[in-house]
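In what follows, a single structure is set out as structure tokens and then discussed.
The values are calculated or read from the model by the stated rules, or taken from the named source; none is laboratory data. What you see is a predicted model, and the numbers here were worked out from it, not measured in a lab. All Cβ positions, even for glycine, are placed from backbone atoms using ideal geometry, and neighbour counts span all protein chains on display. The protein model used for the area step is the full one, side chains on, heavy atoms only, and it has no ligands, DNA or RNA in it. Shrake-Rupley method; radii C 1.70, N 1.55, O 1.52, S 1.80 Å.
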Amino acid sequence: MVKGQPLTKEYIKQLDKIGIPTVTVTSSDPSVKIMPPEDLVQEKTRIGAIEKVYDAFKSVEETGQLDAKAMESVSDKIVMDILARKENLVQLTDIRLHDTYTFAHSVNVAILSAMLGLLCHYTKQDLSILTLGALLHDLGKIRVPSDILNKSSRLDDDEFAIIKSHPTDGAKRIRAMELLLPSPSILAQIASQHHEHVDGCGYPNHLTGDRIHRFAKIVAIADVYDALTSERPYKKAYTPSVTYNIMVNVNRGQFDNDLLKLFFNNVAIYPVGTVLKTIYGFGIVTECVFGRTETPKVCIFADRNGKILDTPQRIDLYECKERAIEMVVSGIELLHFIHELSFDPSMYLNEQ
């Protein structure tokens, strides 16, 4: 799909047929207040990276080798884009390809890992190694049958054992190409350890704390975030706020706490345009701020009973002394405003 493509019913049907569940819709019409999200990398960088990762995985599967220079080039381009666009807080990652999920996922994980590495003040050389490791972190999945990867029901013990073998297999494949790759030991550790948990409950080796390489800890966070926010045959995509709750609260002990906090301080938990129910009433998120993404700026447009206010109220939730957000409004409740009341909260997004 390209920019400018009209979303006709037939085109939507074709997208659905090839397994693309969501797209980002934007408009140049000022009367349509749908703002395009800012990405951390250029569109051509992301698409080119997905193609290169596909070629690399296919080459490893067929010949056991990959074009290391091409992968290093992709890694460097991602790092260069992020260094040039580091002021962009992550609003979403929305490039989803059903049949080639592993490749798009690897690129998303690489971009998010590079972002987190930049926030850790890593050198450009370290960022390049981290990003390359993230691109290759799922290399071991090439031997996992697609019917297991895309199974919509619960995996049985034998199938899960096959899935759990991919970190070790990926590390072995990287070590077998050590003469082609920079810092092969670190790349292999990223592949081997990205499913380890700091509390020792991960796999394959139940490593704990500092026994897990710092780059693998970063890739682990990016990996789970992108997986949770992606739509898969066996699950719907979770919103950033639900993903935040899962990673911070439900999966407590899985990640490095300092890295996780740093990550979510720079990823929009409530992206611009999210409608929230707060202690002040219903509001739409108008701005997310680095370092305090749990408390965005909102425009309150309705009271707690859903009655539209004559004069909307702009509030910075960071200044509130108590927890102000009660829930994300979606589904039927959001349709109540848009359809039954003929009211579109997005009208306040461009009014500062």
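A few comments on the model shown:
- Scan of the range 47-67 for residues that are over 17 Å from Pro184 (Cα atoms) and open to solvent by 30 Å² or more (accessible area, probe 1.4 Å), ordered by number: Ile47, Glu51, Lys52, Tyr54, Asp55, Lys58, Ser59, Glu61, Glu62, Thr63
- Restricting the range 229-246 to residues that are assigned to a helix (DSSP H, G or I) and either under 17 Å from Val275 (Cβ atoms) or touching a residue at least 12 places away in the same chain (Cβ under 8 Å) (or both), the residue that is least open to solvent (accessible area, probe 1.4 Å): Thr243
- Scoring Ala176 on the criteria (1) farther than 18 Å from Val60 by Cα; (2) open to solvent by 40 Å² or more (accessible area, probe 1.4 Å); (3) in contact (Cβ under 8 Å) with a residue 40 or more places away in the chain leaves a single failure, condition (1).
- For the range 208-222, the set of residues classified as surrounded by 20 or more Cβ atoms within 10 Å (Cβ to Cβ) and outside any helix (DSSP H, G or I) consists of Ile212, His213, listed by residue number.
- Wholly enclosed helices (runs of 4 or more DSSP H) of the range 101-185 bearing at least 1 residues over 18 Å from Asp223 (Cα atoms) and modelled with pLDDT of 95 or more: 124-135, 157-163, 166-176
- Matching residues, the range 289-328, being among the hydrophobic types (A, V, I, L, M, F, W, C) and assigned to a loop (DSSP other than H, G, I, E, B): Val289, Phe290, Cys320, Ala324
- The listed residue being open to solvent by 50 Å² or more (accessible area, probe 1.4 Å), touching an Asp or Glu at 6+ places or on another chain (Cβ under 8 Å), more than 24 Å from Arg85 (Cβ to Cβ) and of a type outside the set (Val, Ile, Thr), out of Leu276, Leu309: Leu309
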